[in-house]
Amino acid sequence: MGTEAVGRAIKPALVKARALCKRYVQRAPFSRKKFVIDALMDVDLEIALGCLTALVGESGSGKSTLASCLGILEKPDRGEIWFEGSKVSFANSRELTALRPKIQMVFQDSAGALNPRFSAAQIIEEPLEIQGRESGARLRARACELMEEVGLSPDAGNRSPLEFSGGQRQRLAIARALALKPTFLILDESLSGLDLATQAQILNLLLDLQTSHSLTYLLISHDLSLVGQVADFVAVMHHGKIVECGSRQQVFSAPQHAHTKELLASVGVVEAAFRTAQVGGGQ
Amino acid sequence: MNGYNLAQPERSAHGIYMQRLGCLATLFLACALSCLASSDPQPLQRGEELQTTDNEVGRYGGNLVVAQRSEPKTLNPVTAADAPSREVIGRLMADLIHINRASQQTEPALVKSWSMSKDGRVFTVKLRHGVRFSDGQPFDADDVVFSFQVYLDEKVHSPQRDLLVAGGKPVEVQKIDQYTVRFTLAQPYAAAERIFDSLAMMPRHLLEKSYAEGKFAQAWTLNTSPAEVAGLGPFRMKEYVAGQRIVLERNPYYWKADRNKNRLPYLDELIFLFVGNEDAQVLRFQAGDTDVISRVSAENYALLSKEAPSRGFELFDLGPSLEYNFLVFNLNDLKSRNLDKIANKQAWFEDLKFRQAVSSAIDRDDIVKLVYAGRGVPLWGNVSPSNKFWVDQALPHPSRSLEGARKQLKAAGFSWRGDGQLMDHQGQPVEFSIIASSSNAQRMKMATIIQDDLSKLGMNVHVVPLEFRALLDRVFQTYDYEASIMALGGGDADPNPELNVWLSSGGTHLWHLGEPKPATDWEAQIDQLMQKQMVELKYSRRKHLYDQVQELIGQNLPCVFLATPNILVGAKKNVANFRPAILEPNTLWNVEQLYFRQAGASGSGAAR
Amino acid sequence: MASKRKIVAAVMFLLSLHLAILLAGFVAPYDPAAQNRDFPFAPPTRVRFVDAAGHLHARPFIYQCVARPDGIYEYEESRELRYPVHLFVVGPEYKLVGLWPSRVHLFGVEAPAQIFLAGTDNYGRDQFSRILYGGQISVAAGLLATGTSLLLGLLIGCVSGFYGKWLDESAMRLAELFLVLPWLYLLLAVRAFLPLHISPTQTFLLLVVVIGTIGWARPARLIRGIVLGAKNRKYVTASRSFGASDYYILRRHVLPHTYGILLTQAALLVPQYVIAEVTLSFFGLGLSEPMPSWGNLLANLQQYNVLVSYWWMFLPALALVLVSFGYLNVANAFHERLQSGST
Amino acid sequence: MKYLERRVIHGILLLIGVSVLCFLFSDLAPGSFFDEMKLNPQISSETVAALRSQYGLDKPLPVRYARWVESVLGGEWGYSFAYNSSVRSLLVVRARNTLLLTTLATLFSWLVAVPLGVWISNHPGKWYDRLSMGGTSLLLSVPELVLVFGLLYFAIRTHALPVGGMTSVGFDQLGLWGKTIDLVTHLIVPVTTLVLASLPVLVRHVRASMVEVLKLPFIQAARGHGIGPARLLFRYALPAAGNPLISLFGLSVAGLLSGSLLVEVITGWPGIGPLLLEASMSRDLYVVVGAVMSSTLFMVFGSLLADVMLVVVDPRIRVE
C-alpha cells in the first residue's frame, strides 16, 4: 500500500507498525467448533508526528485491536512496533513502564472507562498516583489544573463521574489521559455516542490541545463525516487489513479500494466530505 | 379369581402373577383381598404337633407397625451381627429351644422335648412333627444338622460360632432319625439349653446350594426375592423398600396355635419402619404412625405420658434393665506403649482406696434423677436387681459419702492443696479425663455429674466426648485413655454370656485386656469361680458361686457401677396380649400373640 | 450525618454486648459450672413488682422456686417470702476478665432463693450465667474463624479470578476438593492425634483453624465470580494503560466490588461457625463439660423433648442472633459510609 | 485442548484425588467396622480378626485401594461390610430419593429467595426488610435439627402432615393420583426444612448484590425514564447482579446429594443421608467413599454449570 510514501512525504513518523498480526481463537462452550478471528493481518501503519491520523472501518474490522496494540495494552502475535524511532519490546516490562505515560488512550465508552466508585478528581489523579508523579496536595492541585484545562469546573472534583453528562465525562477522560503528558494519544471512538454539538466542542478541545501539548493523535472512528472534518491522514481497515491509506484528500477524492468506495457511498457523504475536504485542505 | 387363590394359595407363582392381575384389574379391593389370601392361616393338619399358647384368644387381621433405629442389613441369620437385623430375623426364624422373655426360663420351641445325660454333655432333642417352613416345605432333622453345620463352619465366620464352642471344642451334632437330633458337648456346660435360643433353624432346601458354593455370606441379603427366603418364625418376608421399611406377612404354616386351635399369628402384617433417631421414633409414635415403641428415654417417656390419654396409647415402665453402666479406669499394661502420662496416673487407679473413694463420692441417686428422670436404679454390682435369679441380695449398697471418700484418700496418701486441689503423695495434682460416647446423651450426662461430684473431692476431672468407634479404638486397641464410661449386659439373664467380661483372659475384660495370667489375687479367684459355675449344673450351687463373684467385684471395684435405666415402652391401647419384657426384644417377643381389639384399628393400614 | 449516628448506635449496641460477655463474671450471678441438682430445667425466674397480696414494690423481687412434689422437673413459686433483687451483691468467687479475683456480682438475691433469669439446664445450672460465659469463647472463635475463612477465600478467590488460566483452574479444583472431602474422618483422625484433654484455649485455636481452613472454599468461589466480572471493566484497562500494577488494580478497582459479598458472607458465617461447634463437639473437638459455649448450649435444643418442653433453652440462640445482628449492623453502617464517603 | 474435555479430565483427576484422600483419612481415623463386635462378650476376638481378614481390612492401604479401584471399574463401586452387597446397589436407589428431595428444595428456595431478596433490596430499611433480615439471622442461629423438630412438632399438633418417611405403608395399593398426593404430603416437612435452612444464605446474597446494582447509574437513569419497578428490578437490575448468584447456584447444585443429611435422618427420608451417617459411624468404608464420590460428581457438574452460566450471562468472561 501507499502508506509509507504518503507518511514520509509530509512529516517524520512517531509510530511505525510493521506486519502486525493478531489472531483470536474462541471456542463456544459445549462445542468443538473453533472461531478463528484474524483481527490483524500484516498491518503496516505509520503515524506522522503532530498530525491527526484517522483509522476508519466497520465495527469488527480490527480497529480497536490495532489501537490496543499501539497503546501497548495487547501484544501482537507477530510484527514490530516502533515508537520515537526505537522498537517497542513487549517482553521488557521496565521499558514498557517507561513508555506507557507517553502513549495514552481515551476509550470509547466513557462511563465504563471511569470507575463509578471514584470521584472526578480521583479519576484524574489515578495515573499520576500510579506513576508516582505527584502526591498529597500537589496531586489535587494538578487534578484541578487539568480539569480547568479541559473545560471542567474544579468544583466538580468531588462529584461522581456518573453525575456528569456524556460530554463532560469525555472531557474527564481526556484530562486523565493528559495527566501523564503523553506525546501520542489514541482516541478510540471517543466521539461516538455524543450529539453533534458536543462532538464539535470536544473536537475543538482536542484540536486546541494538539497545538498546546504538541500531541499526535490516532482517531479511531467509524464515522467518515467526522473524519472528513479533521483528519490529516486516513487509513481504512477492512477484515483485519489496511486497505487504503493516504492523506485525507487522496482517500476521499480518489478512493482506490472497493471497500473504501463502498464506505463512502453508504455513508452518502462523499460529496459533502469531499467539499469539506477541499475546505479543510485549503486552510 | 379370588376363589382360585384362596383354594390354592401357593406363594411362588402367585406373587408376580397377582401383581400383574391387580394392575390390570385396577380394583384395589380385589388386589388387597388376594394379597391377604395368600398368607391366610392354613387349616390345621392331622399329625401336626402344634404348640398351644396360653394367651387371650384374639382375632385375625391388622398390620402392626414398629420403628427401628436403622435398617436391617441382612436377612442371613448366620452373618447378622447388628441389632435391627437380628430383630427382623427373630420374627422370620425360630429356634429349637427358646428363652421365654417374660419368665426368663427356657421352653421347648421347635423341639417338643429335650433330655440331657447325667454328665450334662449329651442333649437329645425331639422335633415337632409336621412343622413346615413358611414356603410350605417340611422341616426335619436334616435342616437342624445343616443349620449347625453352617454355624460351626469356620469359613463362614459366624459371630454365633463362639457360643457353640465349649471347652475348646465345637458341639457335635448328630441326626438320630428324622425327628431326633443329638448334641454332644466336650464338657458339661451350665444352662446349655440356653445357647439354642435365637439360633435360627434354616431351610436346607433353599440354602444348601449357596453354602456348597462357598457364598453363604452373600445369601439372603435384603434384595433377595422374598420367595427365596423362608423360615420357621411367625412371619415371612413380603417386601423390602430400601431405606424405608420391611414388610413381613403372616407365615401361614406357623407352628403355634391358641387354645381355640386358631393358628397364630393373628396379625396380617408386621411392618418395620426405619426411623433414624430416638426422637424421631417418638414423633412417629405420637403421630400414630407406629403401634409400638421400644426403649424410650425417660425424658421422652415423660413427654409421651402427658399425651397418653388423649392419643390412645399406653406406656409401660418395666423396671430396671439388665444393662449396667460403669466407670472403668485404665489398668492395662502400658509398658511398651509410650503412654507415660497415663502410666503415671495408673498408680492412683490401681489403688483400691482411690477407686473406693471415687465410688463413694458419686451420687448415684442424682444420676438416676438427672439422667433417667427418676426412671432407673442405682447399681453397686454388675447384676441388675431385676435379674431375680442371679442378683446377690447380700451385696452392700453403701450410700454416698464425701467424708468417707476423703478418709479413704487420706489413708491412701493423698492430701489437699490450699485451693482444695487433691494431690498425690508425690505432690502431683490429681487430674484425669473420662471418655464417653458422644452419641450417647445419657453417658455424657453421667460423666458430667461424676465430674462435678469428684470436683468436690478436689479431683480435676475432664469430660471428653468421643465418637463411639474412636472410643472403642482407645479402649480395645490403643489403651490411650484414663477412664471411660461404658455399658455392658442386657443380652441374657444367665451369667455365662458374661464370662468374657470377668475372666481375666476374656476379650471384654475391659479394665485390663490381654492379661497373660490374672494380675491380682481377686481376679484369679474370679477366674476360678466363673470356670466352676460354668460346668456346674445345679442352679443353687451356681448361684452361690456367682454371688461370690459379685461380692469380689463389689469389693475390688474394677468397675465403678453407676446405674441402670428402666425399660420404658409404649403401645396403642388396642394392641392386645401386649406383654413387654425386660429381655430383648422387649416388645415383639410374643408378636404372634398380638392382635388388634377393634376392627380396622391398625396403625396405618392405608395411606393417609 | 444520619449515617454517623447510625454507626454510633450500632457500635454502642455491640460494645455493650461485648462488655457483658467480657465481664461475664461480674454480670452473671452464679458460677456457670455450679450444679443445682434439685432444679433441673427450672423455668426463668419471674422478676416481679407486685406481690401476691397485690402490693406494689419499688424494688423488684422474686419468689423462691420450689420443685412440685408430684412432677418430674416441674416447679412452682413459693409465695411465702419475697426475695428482693439487690445490686452489687457478694456471691461466688470469679476472676474478672480472667485476672482479678472478685466476689461482687452485678445483681443477686439472698439464699436460699436463686434467680435464674434464663432458666436452668439439665443439671440446674444457671443458663443466664452460662450464656454470658459461653459468649467469651464462642464470639471470639466465631469471628476469628470467619476472618480466617474470608481472608483465605478472598486471597484465593482474587488470585484465581484475576490471573485465571491454570491458577484459576487449580484453585477452583482445590476448592471443590475441600467442599467434598469427608471431613468427618479427618476430624476423627485429628482427634486421635491430639491429647485427650484439650484446654479451652487450645480448643478455641483448634476451632478457628479447623473451621477457618475448611470454610474458605465457598467464599473463594463467590469472590472469584465477582473478580471475573470486575477485572474486565474498561476502567481496569484504562488503569493498565497508565502503567498500574496488578496489585494496584486489585486494590483500587477489583476489591471494592467484593466488599458487599464479604459482608454478606461474614453475616452468614459467624452464626454458622458458632453452631459448627455442636458438630465438632460430637467428635470430641468442642469445648467439653462443664465449660459453656454457645455451641454446646444450643446442642441441648437438639433433643426433641427439650425443644418442646423447655422454651428457655432457645435463649442462647437469641444471644447469638443479637451478636450477629450487632456485627452486621456495624459492618453495614461502615459500608454505607464508605460508599457515600467517596462522593 | 477442548474446554469441555479438559473439564472432564479435571473432574476425573478430582475424583481420583478425592478417593485417595478418602482412603487416607479413613486409614487415619481410629476404629474399624468390626470393632463393635468386640464389645459383645459372646464374640471372641479371634472371630473379629478372622472377619477383618476375610474382608481384606488387614491388608495395607495401597492394596485396599487397588481392590477398590478394580471394583469401581467392575461397576460395583466397592462392597458394604454391613449389607454384604455392592455399594452401587445401595447408593442408586437412595440417591434417587435424595435428589427428589433436594432438587425440589433447591428449586423452591431459589423461587422464594430471588423475588424476596429483590423486593426487599428495593426498599432497604423498610419494616419488611428489617423483618426478613431479623428472620434470616434467627434461622441462621438455630441448628438445622431444631428446625426439623419444630416443623415435625407442628405437624403432630395439627395432624395435617405425616411426620416422616417417604411413602405411607399402603403406597403400592394407591392409584397414581393417590400416590402423588401421598408423596407430596410426605415431602412437605423435609422440603420446608431445607428451604428454611438455605433461605437465609440466598436471600441475603440476592439482597446484597441487588443493593449494589441498584445504586448504579443506569438503573437510576432507567428509573428516571419511568420504567416500572418490576421490569426495572427483574429485567435490568437482576442480570447485572448475577455473578455471585450464579456462583451460589453452582454451589447449590454441587450440594444436591450431600446437603440434606440430617434432615433425612430425622424425617426418615430414605435417601443417602441415613445410609451415609450410619456408614460413617460404623466405618462401612466403601459406602462412605461411594457416597463422597457421587457428591463429587455433583460438585464437578455444579461448578461446570456455574462457570458456563458465568460466560453466558457475562460475555466479557472469555473462555480462553
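The values are calculated or read from the model by the stated rules, or taken from the named source; none is laboratory data. The structure displayed is predicted, hence computed values, not measured ones. Please note: Cβ atoms are built from the backbone with ideal geometry, for glycine as well, and neighbour counts cover all protein chains shown. Remember, those area values only see protein heavy atoms, side chains included, never the ligands or the DNA or RNA. Shrake-Rupley method; radii C 1.70, N 1.55, O 1.52, S 1.80 Å.
Computed over the range A:3-281, the quotient of the alpha carbon radius of gyration and 2.2 N^0.38 Å is 1.02. Each label was represented as a point 7 Å from its Cα along the Cα-to-Cβ direction; for residue C:337 and residue C:245 these points are 3.0 nm apart. Exposure check, 1.4 Å probe, all protein chains in place: residue B:400 carries approximately 90 Å² of accessible surface. Solvent-accessible surface of the protein assembly as shown, averaged per residue with a 1.4 angstrom probe and all protein chains in place: 40 square angstrom. Please compare each pair in A:16/A:87; B:369/B:445; B:175/B:256; A:16/C:234; B:118/B:538; A:22/A:63 to a cut-off of 20 Å on the Cα-Cα distance and tell me which ones are over it. Long pairs (Cα-Cα over 20 Å): B:175/B:256; A:16/C:234.
I need the calculated FRET efficiency for the pair residue B:225 and residue C:169, taking r as the beta carbon distance and R₀ as 60 Å, to the nearest 0.05.
Working: r = 49 Å, r/R0 = 0.82.
Once rounded, the FRET efficiency stands at 0.75.
The C-alpha atoms of chain C define a longest principal axis, and helix C:315-341 lies at about 40 degrees to it.
Computed from label points 7 Å out along Cα-Cβ, the spacing between residue B:180 and residue B:423 is 7.9 nm.
How big is the gap, in Å, between the Cα center of the range B:390-416 and the Cα center of the range B:220-237? Cα centroid of the range B:390-416 versus Cα centroid of the range B:220-237: 54 Å apart. Of the listed residues B:561, D:301, the order by accessible area with a 1.4 Å probe, largest first, is D:301, B:561. Both chains summed, the buried accessible area for C and D stands near 4900 Å², from protein heavy atoms and a 1.4 Å probe. Output the antiparallel fraction of DSSP beta bridges having both residues in the protein assembly as shown, as a percent to the nearest 5. Antiparallel bridges make up about 75 percent of those DSSP assigns within the protein assembly as shown.
Considering only Cα atoms, the convex hull volume of the range C:132-234 works out to 106 Å³ per residue.
Solvent-accessible surface (1.4 Å probe) assigned to residue B:317 amounts to roughly 60 Å². For the range D:10-27, a reduction of at least 30 Å² in accessible area between the chain on its own and the assembled protein chains (probe 1.4 Å) is found at D:10, D:14, D:18, D:21, D:25. Computing FRET efficiency as 1/(1 + (r/R0)^6) for residue B:46 and residue D:104, where r is the C-beta to C-beta distance and R0 is 51 Å, gives about 0.30.
Looking at chain B alone, DSSP beta bridges between its own residues are antiparallel in about 75 percent of cases. Counting only protein heavy atoms and using a 1.4 Å probe, the accessible area of residue B:450 comes to about 0 Å². Of D:231, D:52, C:82, the order by accessible heavy-atom surface (1.4 Å probe, DNA, RNA and ligands excluded), from most exposed downward, is D:231, C:82, D:52. Counting only protein heavy atoms and using a 1.4 Å probe, what share of the accessible area of chain B belongs to carbon plus sulfur, as a whole percent? In chain B, the share of accessible area belonging to carbon and sulfur is 50 percent.
By how many nm would the segment from residue A:208 to residue A:131 lengthen if fully extended, with 0.36 nm per residue of separation less the alpha-carbon distance? List each step's numbers first, then the result.
Values: separation 77, 0.36 × 77 = 27.72 nm, distance 2.57 nm.
Length gained between residue A:208 and residue A:131: 25.1 nm.
When chains B and D come together, the accessible area they lose, probed at 1.4 Å and totalled over both chains, is close to 4800 Å².
Taking 22 Å as R0, compute the FRET efficiency from the Cβ-Cβ separation of residue D:231 and residue D:312 and round it to 0.05. Please list the in-between numbers first.
Details: r = 22 Å, r/R0 = 0.98.
Rounded to the nearest 0.05, the efficiency is 0.55.
The Cα center of the range C:292-340 and the Cα center of the range B:311-359 differ in position by 38 Å.
When Rg and the Kirkwood radius Rh are both evaluated on Cα atoms of the protein assembly as shown, their ratio Rg/Rh stands at 1.07. Taking the range B:43-130, which trypsin sites (Lys or Arg not before Pro) meet the DSSP loop condition and have no more than 13 other C-beta atoms within 10 Å? Here the trypsin sites (Lys or Arg not before Pro) that fit, given the DSSP loop and packing criteria, are B:46, B:59, B:118. Counting every pair of alpha carbons in the range A:32-89, the share spaced more than 17 Å apart comes to 45 percent. Contact with the other protein chains removes 50 Å² or more of accessible area, compared with the isolated chain and a 1.4 Å probe, from these residues of the range D:144-167: D:146, D:149, D:153, D:156, D:163.
Among D:225, C:55, what's the order by accessible area (1.4 angstrom probe), most exposed first? Write out the running numbers ahead of the final one.
Details: D:225 155, C:55 110 Å².
Ranking D:225, C:55 by accessible area, largest first, yields D:225, C:55.
Run the reach check for residue C:4 against lysines, Cα to Cα strictly under 23 Å, same-chain hits fewer than 8 apart removed. What comes back? Once the sequence-local lysines are set aside, what remains near residue C:4 is D:126, D:215.
In order along the range C:298-305, the phi-based Karplus estimate (6.51 cos²θ - 1.76 cosθ + 1.60, θ = phi - 60°) of 3J(HN,Hα) comes to 6, 4, 4, 5, 6, 8, 4, 5 Hz; Gly and Pro are listed as x.
How high is the relative contact order of the range C:131-342, in percent, counting Cα pairs under 8 Å that sit 6 or more residues apart? Numbers along the way, then the final one.
Values: 214 pairs, mean separation 64.2, N = 212.
Reported relative contact order: 30 percent.
Summing +1 for each Lys or Arg and -1 for each Asp or Glu among the other residues whose beta-carbon sits under 14 angstrom from that of residue B:285 gives +1.
The translational diffusion coefficient of chain B, from Stokes-Einstein at 4 °C and 1.567 mPa s with a Kirkwood hydrodynamic radius over alpha carbon pairs, comes to 49 µm²/s. Applying both filters, DSSP loop and at most 16 other Cβ atoms within 10 Å, to the chymotrypsin sites (Phe, Trp or Tyr not before Pro) of the range A:52-127 gives A:90.
Can you name the helices of chain D, as whole DSSP H runs, whose Cα span along the helix axis is 30 Å or more and whose Kyte-Doolittle mean is not below -1.0?
Numbers: long enough: D:3-28 (37 Å, 1.46); D:87-122 (50 Å, 1.18); D:176-214 (48 Å, 1.22); D:285-313 (41 Å, 2.17).
Within chain D the helices that satisfy the rule are D:3-28, D:87-122, D:176-214, D:285-313.
Each label was represented as a point 7 Å from its Cα along the Cα-to-Cβ direction; for residue D:24 and residue D:4 these points are 3.3 nm apart. If the segment from residue C:50 to residue C:86 were pulled out straight at 0.36 nm per residue, it would be longer than the present Cα-Cα gap by 11.3 nm.
Within the range B:432-570, all pairs of alpha-carbon atoms sorted by distance into 5 Å bins from zero give the percentages 2, 9, 16, 19, 18, 16, 12, 6, 2, 0. Annotation note: GluC sites (Glu not before Pro) in the range B:136-195 located in DSSP loop regions with a Cβ neighbour count of at most 11 within 10 Å are B:154.
Do you know which residues of the range B:418-454 lose at least 30 square angstrom of accessible area in the protein assembly compared with their chain on its own, with a 1.4 angstrom probe? Residues of the range B:418-454 that lose at least 30 Å² of accessible area once the other chains are added: B:438, B:445, B:448, B:451, B:452. Summed over both chains, the accessible area lost when D and A associate is about 900 Å², using a 1.4 Å probe.
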